[in-house]
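Worksheet: the structure to be examined is printed underneath.
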Amino acid sequence: MRSLYAYRQRAEAALVRYFDDLPDRLLPAAGRWPARSVELLRDLTLRGGKRLRAAVVYAAAGLVTGADVPGLDSAVLGVELLHTHGLVHDDIIDDAPTRRGGPSTYHAYRAEVADPEARNLAILAGDLAAFLSVRAVLDAPVPAGVRHAMAAVLTSAAADAVLGQILDLERDATPDADGGFLDVVTDHKSARYSILAPLQLGLLAAGAEPGDHEEELRRYAWSAGIYEQMRDDYLDLFGDESVTGKPVGGDLRAGRRTYVVRALLEVPETRRLLQPALGDPAVTPEVVAELRDRAIEHGIAGRLRDTIRHHAETAAAEAATWRWWRTEGTAFFRDLPLVSMDRIS
């Protein structure tokens, strides 16, 4: 999608401008560590990512108008900084050494100072990103009422994401967690802040009232959020590390009971291979490769792709019913789920 690339480029430019200006506006007159925290947040934020949330913000405004809309870049800063917050804290929880092809914020600090200072600094850097995300939308060049509505959307999404992370930890500690539980985790940790909140922010900036179509937006976000999470889970085992920027098999080494891990546990041939490896950080690439091969052989990979496609098609069908908005705008949301399937086809 050409528009997806254009949205990503616009978001990247807005983020660069933001971080270029941030030190002069934010940093105290003394101390080196505050500047280092901002530097690490900048590095992680600008290092990559799909910028899906940013694209949804821009495209949501396109549902209402084809004109440029003030405040969109501020909304994008908000969702991207909130995402950075989540990445920093996820990597602390998981003790992950890498993120987006480079060191995680926590491990970057560990290369400079010893724990507990490194861990404490990483926690505070993640907190700083969260507060800056709210500040970004409160500084948006839009009427005060719109700013406050945007801040309410963002803070609600932040709370949902944190609750999703708590549920995520419970999921991994619950061996018999069923698919319904996984869907609730995904709704909070992914759908609400990756899809629904960006949709609401873009509509608010464009002068629309998201509450007028809340049920339709939530249905789309639910299906889109689940296929995005399932796709990410799928790529963790079946993807290309050079593309994803993360080691293959990271979820099973960390003991995460993802959609893919749950599917592997349901088949005796893969369950025998998986159980001794699940949660073992020393599992070798050869074991991961054998597990992947057996999953393909027993049709697990194909069934997962079919389920992911089902959710993608459900999201696309929902967007196709949005006839009260601009045709050009709804086409983006109709096509986005199906285009995203290309990464696993």
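Brief remarks on what is shown
- Among residues of segment 218-239 that are under 21 Å from Trp322 (Cα atoms) and of a type in the set (Val, Ile, Thr), those with a beta-carbon under 8 Å from a residue that is crowded, with 24+ Cβ neighbours inside 10 Å and modelled with pLDDT of 90 or more at least six positions away or on a different chain give the pairs Ile226/Thr186; Ile226/Ala191.
- Odd one out for Val260, checked against (1) part of a helix (DSSP H, G or I); (2) of a type in the set (A, V, I, L, M); (3) open to solvent by 60 Å² or more (accessible area, probe 1.4 Å): (3)
- First in segment 175-197 and without any contact (Cβ under 8 Å) to a residue 60 or more places away in the chain and on the phi < 0 side of the Ramachandran plot, second anywhere and open to solvent by 50 Å² or more (accessible area, probe 1.4 Å) and hydrophobic (A, V, I, L, M, F, W, C), Cβ under 6 Å, 6 or more apart: His188/Leu163; Ala191/Trp222
- Being assigned to a helix (DSSP H, G or I), open to solvent by less than 50 Å² (accessible area, probe 1.4 Å) and not hydrophobic (A, V, I, L, M, F, W, C) is a condition met by at least one residue of segment 5-13.
- Top-ranked residue of segment 113-146 - restricted to ones that are open to solvent by 50 Å² or more (accessible area, probe 1.4 Å) and touching a residue at least 60 places away in the same chain (Cβ under 8 Å), ranked as farthest from Arg47 (Cα to Cα): Pro141
- In segment 327-345, the residues that are farther than 21 Å from Gln200 by Cβ and modelled with pLDDT of 80 or more form Cβ pairs under 7 Å with partners that are assigned to a helix (DSSP H, G or I) and among the aliphatic types (A, V, I, L, M), at six or more places apart or across chains, as follows: Leu338/Ala312; Leu338/Ala316.
- Top-ranked residue in segment 72-98 [being touching a Pro at 6+ places or on another chain (Cβ under 8 Å) and at pLDDT 95 or above; ranked as farthest from Glu216 (Cα to Cα)]: Ser74
- Annotation note: of Pro23, Pro70, Pro28, the sole residue that is in a loop (DSSP other than H, G, I, E, B), within 17 Å of Ala136 (Cβ to Cβ) and open to solvent by 10 Å² or more (accessible area, probe 1.4 Å) is Pro70.
- Taking each residue of segment 63-89 that is within 21 Å of Ser156 (Cβ to Cβ) and looking for partners that are assigned to a loop (DSSP other than H, G, I, E, B) and open to solvent by less than 20 Å² (accessible area, probe 1.4 Å) with beta-carbon atoms closer than 6 Å, six or more apart or interchain, yields Gly71/Ala140; Gly71/Val142; Ser74/Ala140.
- Scan of segment 31-52 for residues that are open to solvent by less than 40 Å² (accessible area, probe 1.4 Å) and either closer than 30 Å to Tyr227 by Cα or of a type in the set (Asp, Glu) (or both), ordered by number: Leu41, Leu44, Thr45, Gly48, Gly49, Arg51, Leu52
The values are calculated or read from the model by the stated rules, or taken from the named source; none is laboratory data. Note that this is a predicted model, so its numbers are computed, not measured. No Cβ is skipped: glycine too gets one built from the backbone with ideal geometry, and neighbour counts run over all protein chains shown. The protein model used for the area step is the full one, side chains on, heavy atoms only, and it has no ligands, DNA or RNA in it. Shrake-Rupley method; radii C 1.70, N 1.55, O 1.52, S 1.80 Å.
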